[in-house]
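Heads up: the structure comes next, in structure tokens.
The values are calculated or read from the model by the stated rules, or taken from the named source; none is laboratory data. Values in this document were obtained by computation on a predicted structure and should not be read as measured data. Using ideal geometry, Cβ is built from the backbone for each residue, glycine included, and neighbour counts are taken over all protein chains shown. Quick note on the areas: whole protein, heavy atoms, side chains included, nothing else; ligands and nucleic acids left out. Shrake-Rupley method; radii C 1.70, N 1.55, O 1.52, S 1.80 Å.
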Amino acid sequence: MLRPIKNNFKGKDVVSLDQFDSQSIIRLYKETASIKKMFEKGRFKNRPYKILDGRIAGLMFYEPSTRTFSSNSAAFKRLGGQTVEHQNPLVTSSAVKGETMEDTTMMMEQYCDILVIRHPVKGTLAKVAQVASIPVINAGDGIGEHPTQALLDMFTIYEKFGKLTGLKGLMAGDMLNGRTVHSLIRGLSIFPGNTVYLLSPKSLRLSRDEFKLYSQMGVKLVEINSLKQIPVDCHFWYWTRVQKERFSDKKVYEKLKLSFILTKKLVSEKAGKKTLLMHPLPRVGEIEIAVDGDPRAVYLTTEAKNGMYVRMALFKLILR
Ligand code: NCD
């Protein structure tokens, strides 16, 4: 069983958005906003805020990553801590020699105060959290979840609209395999009155079990299958990439990968004046470059940067 956060982050694992309640999320965002302000406006610009001096985070990424790896590493260091990093443990760790995940975890916890792990198999992080005696953060477990990504996405929405209730959003792309959408839907279901339109090719819809589960959790989900059906005036559009690495038949991937493209034309026709244009990245053709300069587009800037601040706040609350 995953331990709920219940406004007390100290020593807790972060494996699923389900561990959070609304109070804990708002608590995290107060901390995030204050750290962000401190770093962007104030005293700590270009200087570490040394509250984790002498602490070490172990980063183990069994799948590739740009943002999640770098922002976790930067977040820990900006708090004065240091990191032990395995960017590709299947090449660099004793996993090559056949060491089990359990043994590798046991070893890393002899040296570190917290572990941030990304793994290709859904459910691995829940298992690791069971055996580890130090906090473990899920940085993506296959097609399962990516809780810290959802937390930074929700912070970006919260920062813009000042609320996480009564939102109308669109998620487009790969609902079946996209772990970021799974966590984001779970996160939005913690707050009342949220509606999410899900746009994907039929074969990449949420599994029926997940659709049922999330609907019961309280978020209203509406599946659509064409750009025409996108409602006007959404608070956010959350575009995602079709997850190539989850396809056994690459021909099927090729057929589906660009089913829905976010273009300048679409933005001018359907987005509201304040609609946030979001994407967890990487993008591989599903957002036209011409959209990047739109003031509503935050994927390459605010959204990505907030990832570092949310992770700083999380490290602080867990370790202090
Ligand atoms: C996402 C991931 O790895 O799940 N990226 C990220 O962490 N920012 C999304 C993706 O790879 O499509």
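Would it be correct to say that residue 263 is under 16 Å from residue 152 (Cα atoms), β-branched (Val, Ile, Thr) and open to solvent by less than 60 Å² (accessible area, probe 1.4 Å)?
Judged against the criteria, residue 263 is not a match.
Can you name every residue in region 161-196 that is farther than 23 Å from residue 72 by Cα, more than 11 Å from the ligand (Cβ to nearest atom) and either open to solvent by 20 Å² or more (accessible area, probe 1.4 Å) or of a type in the set (Asp, Glu) (or both)?
Those that are farther than 23 Å from residue 72 by Cα, more than 11 Å from the ligand (Cβ to nearest atom) and either open to solvent by 20 Å² or more (accessible area, probe 1.4 Å) or of a type in the set (Asp, Glu) (or both): 161, 162, 163, 165, 166, 168, 176, 190, 192, 193, 195.
Give the residues of region 151-207 that are without any contact (Cβ under 8 Å) to a residue 24 or more places away in the chain and on the phi > 0 side of the Ramachandran plot, sorted by residue number.
Within region 151-207, 162 is the sole residue that qualifies.
Working only within region 268-308, note down all residues that are acidic (Asp, Glu) and either part of a helix (DSSP H, G or I) or open to solvent by 10 Å² or more (accessible area, probe 1.4 Å) (or both).
269, 288, 292, 294, 303
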